[in-house]
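Below is one structure, written out as structure tokens; the observations come after it.
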Amino acid sequence: MEIRILSAADIRQVLPMTEAIAGMKQAFLQLAAGQAAMPLRSRLEVTAVSGETIGTVLVMPAHLQQSRGLAVKVVSVFPDNPSTGLPLIHGVVMVLEADTGRPLALMEAASLTAIRTGAVSGAATDLLACADASIVAIIGSGVQARTQLEAVCCVRDIQEVRIYSPTTAHAEKMAAEMAGAGPVPQRIAVAASADRAVSGADIICTATTSSTPVFSGKQLKPGAHVNGVGSYTAAMQEVDSETVRRALVVVDSRVSALNEAGDLIVPLQQGLITQAHIHAELGEILSGSKAGRSRPDQITYFKSVGVAVQDVSAAHIAYQNALSRHLGAVVAL
């Protein structure tokens, strides 16, 4: 048996953002149509001897029937890693042949995760943001923040970018690296605060590991669209209850969001919203079974906790492109 191994550099070559966005749309259409098998991801909390949780390991399998994608991702998230010079996220994706279960490829997962997470926000932005949106605010300055910016710029004519990070040097570094890259405009400003970045912005993307809200919902302009991708546990609330209360809420998966999205769980517990406040899953908007934005001044909010169909779709695209371009190392097992 042979298996193709794709590094992070390989993934960046074989998974272009525009293809990833299209792949996310197809994946969520299949999910909405009942053409996907995707159990709720398994979660293992890793604790130190003291009993303190130091990291999380997630196992995420899925099968897309129509596109014939089958894969499983194992990923770890250790929040203290960046302080020691290590990436926040490590992981691998194994691609399997849908007809036989034969392992086909092993891929570096952090870069794939970052691209597919940006891509799903790109898909949501394409469906929900105002057509003339031109100013984007990015809260966060890590790898995920970069792909959020790239994806939004793929689906809207962005003229102005504002970045906020608690560490100004990180925001400045991201601005320097991203200015003029692909669809990203040259005009990128580092904001003095998150609220200043958000004020007047048409699109806001939050990509942080914060457990508390990173901006005030009162700062949102009428018609703003928000993508929230950073929080991934019931205790993390990256986007505040005011934003959720004001917005038309769309999620990647209701089951996953209600189990893992603190941005929604907290206002539910506060009694500010009910579960009915979740208007739709992304696939329902794509299929036309639910409407998206209904008026120009409506605030929209897409919450993604990340689901396995995204990884399967992204990995399937990456594998097919790697085959055609003869990329990756083929290893006999």
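A few remarks follow.
- Answer residue from the stretch 97-112, given it is open to solvent by 40 Å² or more (accessible area, probe 1.4 Å) and in a strand (DSSP E or B) and is nearest to Leu64 (Cα to Cα) among those: Leu106
- The set of residues in the stretch 1-22 that are under 20 Å from Leu96 (Cβ atoms) and open to solvent by 30 Å² or more (accessible area, probe 1.4 Å) comprises Met1, Glu2, Arg4, Ile5, Ser7.
- Cross-chain or 6+ apart pairs with Cβ under 7 Å, the stretch 240-265 first and farther than 11 Å from Tyr301 by Cβ, then among the aromatic types (Phe, Trp, Tyr) and open to solvent by 10 Å² or more (accessible area, probe 1.4 Å): Glu260/Tyr232
- Among (1) among the hydrophobic types (A, V, I, L, M, F, W, C); (2) open to solvent by 60 Å² or more (accessible area, probe 1.4 Å); (3) not in a strand (DSSP E or B), the one test that Ile54 misses: (3)
- Failed condition for Tyr301, given (1) under 19 Å from Asn227 (Cβ atoms); (2) aromatic (Phe, Trp, Tyr); (3) assigned to a helix (DSSP H, G or I): (3)
- Boolean, Ile115 is under 24 Å from Gly91 (Cβ atoms) and open to solvent by 10 Å² or more (accessible area, probe 1.4 Å): yes
- Single match in Leu264, Leu258 (criterion: surrounded by fewer than 23 Cβ atoms within 10 Å (Cβ to Cβ) and either farther than 25 Å from Ser111 by Cα or among the charged types (D, E, K, R) (or both)): Leu258
- Single residue of Glu150, Glu45 found to be open to solvent by 10 Å² or more (accessible area, probe 1.4 Å), out of contact with any His (no Cβ under 6 Å at 6 or more places or on another chain) and not in a strand (DSSP E or B): Glu150
- Leading residue by the ranking (nearest to Arg43 (Cα to Cα)) among those in the stretch 58-94 that are within 20 Å of the chain's Cα centre (by Cα) and β-branched (Val, Ile, Thr): Val59
- Qualifying residue in the stretch 282-298 (condition: among the hydrophobic types (A, V, I, L, M, F, W, C), farther than 18 Å from Ala36 by Cα and surrounded by 21 or more Cβ atoms within 10 Å (Cβ to Cβ)): no
The values are calculated or read from the model by the stated rules, or taken from the named source; none is laboratory data. Everything numeric in this text was worked out from a predicted model, so none of it was measured. For neighbour counting, all protein chains shown are included, and Cβ atoms are generated from backbone atoms with ideal geometry for every residue, glycine included. The accessibility values were calculated without ligands, DNA or RNA, using every heavy atom of the protein model including side chains. Shrake-Rupley method; radii C 1.70, N 1.55, O 1.52, S 1.80 Å.
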